[in-house]
Structures are given as structure tokens and as C-alpha cells.
Amino acid sequence: MIDLSPDQKKVLDKILYWFKKEKGKKQYISLGGYAGTGKTTLIAVLREELAELDKKLKVGFVAYTGKAARVLKIKLKGQKVILKGDSVSTIHGLIYSPIVDEKEVIIGWQKKEKIECDLIIIDEASMVDELIWSHLLSYKVPIIVVGDHGQLPPIKGNFNLMQEPELRLEQIHRQARQNPIIGLSIQAREYGLIRAGKYSRGVRKFSPEDLEVQEEMGEMLTNFNTDTLILCGYNSTRRRLNNHIRAALGFESPEPQSGDRVICLRNNQTERIFNGMLGTIIHIKKKDSSWYEAEINMDGEEGSYQGLISVDQFNSELPMNFTKKRSQIMGGDLFDFGYALTVHKAQGSQAKRVILFEERFKQMNDGDWKRWLYTAVTRAEEELYIFSR
């Protein structure tokens, strides 16, 4: 059995009490935890405890994206807590089934009438929107909602499962504190300030006075790969960075090409693409002045997206569904270049290497800024490089 800290034990006891005594009248319970507080460890121990209560219990572990689901599966496998009857998948894989035509081609997705699990545990729950949440609740299966309550809230709408979690893990474990990225996340969350300096071989904040700062920045941007996330605050910065990186990679046309990195900007349940998902273009050609016909390999997802994507969205300042042009874009989907992202758009993503350009909006209060900086820092898995603007 894994040793838990006092705060983890307290939370575990409360979840077990809910499961044994309250789940019949209270369908879900929510757990918020900062980076480094041991949320996944707690889930692993919880699964062992639940097996003691009911050996036949089937748990559906889910996350919003395919990549997040794969990461969750690796962690749970490492703890040896995926038991017989359990599943690990995206939320959409658990609750939606494909609609196929006479040629067995998938043409859409529909909500399943029944799901094969007795308990759902959602990781990264802040990404779940109101529609999907209502679908999850409709199965009348108990749900444990897990996420990071220190992150930014969703961009649009008032729905946020992590706004006021019922249970909280806020004690950073000693081993986690030794991770320089976790250390910087604490600085960001508590003080809204990360001082310039080299924190480890792959974690550094550059000072504008550093002699090599421009050279280092240019080399990092030129060496972009799919293990990299480049983050900023302003959409204008995002556009400049996207254009700079595309030029450095040898793309001569301002129009999207095969091999370009892209980001989805609007949910489409039928096509199983969701706001913030990243991918790489496999094929693309102009259909007419408004639409491209595209095939896109979405990161961490099975199969590829095939459909119409808006011409005008690329290099646009804002997603077009939030502008007066939204009535013109009902026949297809919205993608833009995905080399550089705003921190808001990167909330569901993580990468081995993160390059962050600190940019604070004038209207941000100190609390908003701390959440922005904390969210940005915690996108990094192994390397983090910060540039002041």
C-alpha cells in the first residue's frame, strides 16, 4: 500500500464515505488539487480501497482528450490499479458510439443508451463542458470529478466543474517540491512572480538583460517540434510567433499546408473534435473561397479528422464563432495555426518542453495574473523556458 500524507488520507476517507453512504442521493463529488499534491496517487489508492468494498466494481477512468487519457492510463498501470472490468478512455469513447453509413464509414456520433461501468472517475475535469456533463449525469452512475482548481477557468461560459471543489489537496509533497517546475508553479500561484535565473538544466527564466537572450529565443523557435508548446498572452503575439515559426520551418505560403500544426477552435461533437485540440495537417486543398477540404491527424486520437475548415479563420485575431462572421461558418469547422497558443487555449494541453512569453493584460487583477502564470507553468512536463516581454 502506498503511504499517503495526512491531507490525502483525510480526502480519501471523505470520498470513501461518500461512496458508501451518500452516492445514492449525491451523484458526484469533486476533488481539486494543485500540481504536486498527489492527485493521481490518491486515485490509485482509492481504486484499491474500492476493490476491497466491491470486487466486481467496474470503474471508467476518463479524460477529455486522447493524449490525457493515455497519460492517465500509463500512470494507473504503473500503480497496477487498472483492475478487471475497468476501462481508461476519453469521455467521448465512454459515452458516445459511432454512426456509420452503408459503406461502414463513420458519419457521426450518438450518445450511448447504456455504459459499462459502475463508477466514473474524471481526470482534468475543468475541460468538461456543460453539455458533456449533462450527458454524463444522465446515466445515473456515481462520478468522482478530479482537476486542478488553481488553473484558469474556461474561456467562455459560466460552467466550471473546478470552480469550488468540495474537497481540496493543497499540500505540495516534499518530493514534488524538488521538481523545479513544481517549485516555479508555487511561486506563480502564491506570488505571481518568477525571478530570472537558471533553476535546472532545462528550467530557466531569461532576463531581458541576458546577452544571449535573443539568440537563445531564436534557436528555440527555429527548433520547434511536436513535443513543444509555445505560450503567450496576446493573440497578436500568437500570430507573429506562428508566422515566424512557419517561415523558419520552410513554409513559404501564408495558407495552411500539409505538415502544418493546427489547433481546433470550436467543438464539433459529431466529428469528435473539441476546442483546444492540436493536430497536424495530412492533406489540404481549397474547395472554394471560404473552405478548405482537410484531413488532420489529431494528437492522441484514433483515426483522423476529415472535413471542411474555414479559410478566413487562419491568422484571424479571434475565433470567428465569437465575431459577427459566425453566421458564415456554420458549414464546417474552425482551425488556426497551432505552433504558438495563448495560455487560455493551452489549458488542456501539456508538452515535454514549454516556451513561455510572459504577457500580462492591463485589465488583469493580481488573482487573475497568478492563475494565468500558474496555468502556463504547469503545462510543462520536463523543460520550461520563460521570456519576459
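Can you name the condition, by its number, that Leu241 falls short on among (1) assigned to a helix (DSSP H, G or I); (2) of a type in the set (A, V, I, L, M, F, W, C); (3) modelled with pLDDT under 95?
Every condition holds for Leu241 apart from (3).
Out of curiosity, is Glu255 touching an Asp or Glu at 6+ places or on another chain (Cβ under 8 Å), in a loop (DSSP other than H, G, I, E, B), closer than 23 Å to Gly331 by Cβ and open to solvent by 50 Å² or more (accessible area, probe 1.4 Å)? Quick ask: steps written out before the conclusion?
On the way: touching an Asp or Glu at 6+ places or on another chain (Cβ under 8 Å): no; in a loop (DSSP other than H, G, I, E, B): yes; closer than 23 Å to Gly331 by Cβ: yes; open to solvent by 50 Å² or more (accessible area, probe 1.4 Å): yes.
Criteria not met by Glu255.
Out of the residues in segment 315-331 that are open to solvent by 10 Å² or more (accessible area, probe 1.4 Å) and either in contact with a helix residue (DSSP H, G or I) (Cβ under 7 Å, 6 or more places away or on another chain) or among the charged types (D, E, K, R) (or both), state the one that is modelled with the highest pLDDT. I'd like the intermediate steps shown before the answer.
Of the residues in segment 315-331, the ones open to solvent by 10 Å² or more (accessible area, probe 1.4 Å) are 315-319, 321-328, 330-331.
This time we only want the ones that are either in contact with a helix residue (DSSP H, G or I) (Cβ under 7 Å, 6 or more places away or on another chain) or among the charged types (D, E, K, R) (or both), so: 315, 317-318, 324-326.
On the way: Asn315: 88, Glu317: 76, Leu318: 72, Lys324: 55, Lys325: 57, Arg326: 55.
Out of the qualifying residues, it is Asn315.
Counting only residues that are of a type in the set (A, V, I, L, M) and touching a Phe, Trp or Tyr at 6+ places or on another chain (Cβ under 7 Å), which one in segment 332-355 is surrounded by the most Cβ atoms within 10 Å (Cβ to Cβ)? Spell out the reasoning first.
If we filter segment 332-355 for residues that are of a type in the set (A, V, I, L, M), which is where we start, we get 334, 340-341, 343, 346, 351, 354-355.
Now narrow it down to the ones that are touching a Phe, Trp or Tyr at 6+ places or on another chain (Cβ under 7 Å): 343, 355.
On the way: Val343: 24, Ile355: 22.
Only one residue fits best here, namely Val343.
In segment 177-219, which residues are modelled with pLDDT under 95, surrounded by 12 or more Cβ atoms within 10 Å (Cβ to Cβ) and part of a helix (DSSP H, G or I)?
If the condition is that a residue be modelled with pLDDT under 95, surrounded by 12 or more Cβ atoms within 10 Å (Cβ to Cβ) and part of a helix (DSSP H, G or I), then Arg177, Val213, Gln214, Glu216, Met217, Gly218 are the ones that fit.
Mind checking which residues of segment 220-252 are open to solvent by 50 Å² or more (accessible area, probe 1.4 Å), in contact (Cβ under 8 Å) with a residue 24 or more places away in the chain and under 22 Å from Val203 (Cβ atoms)?
Correct list: Thr222, Thr226, Asp227.
Which of the residues spanning segment 134-158 are small (Gly, Ala, Ser), open to solvent by 40 Å² or more (accessible area, probe 1.4 Å) and not in a loop (DSSP other than H, G, I, E, B)?
If the condition is that a residue be small (Gly, Ala, Ser), open to solvent by 40 Å² or more (accessible area, probe 1.4 Å) and not in a loop (DSSP other than H, G, I, E, B), then Ser134 is the only one that fits.
Would you be able to say whether some residue in segment 18-27 is modelled with pLDDT of 90 or more and buried (at least 20 other Cβ atoms within 10 Å of the Cβ)?
Within segment 18-27, not a single residue is modelled with pLDDT of 90 or more and buried (at least 20 other Cβ atoms within 10 Å of the Cβ).
What are the residues in segment 159-176 that are among the acidic types (Asp, Glu) and either farther than 19 Å from Lys9 by Cβ or crowded, with 17+ Cβ neighbours inside 10 Å (or both), if any?
Hit for segment 159-176 is Glu164, nothing else.
Within segment 262-309, which residues are modelled with pLDDT under 90 and over 18 Å from the mean Cα position of the chain (by Cα)?
Correct list: Thr270, Glu271, Gly303.
The values are calculated or read from the model by the stated rules, or taken from the named source; none is laboratory data. Everything numeric here is computed off the predicted structure, so don't read it as measured data. Using ideal geometry, Cβ is built from the backbone for each residue, glycine included, and neighbour counts are taken over all protein chains shown. Ligands, DNA and RNA are stripped out before the accessible areas are found, and what is left, the full protein with its side chains, is counted by its heavy atoms. Shrake-Rupley method; radii C 1.70, N 1.55, O 1.52, S 1.80 Å.
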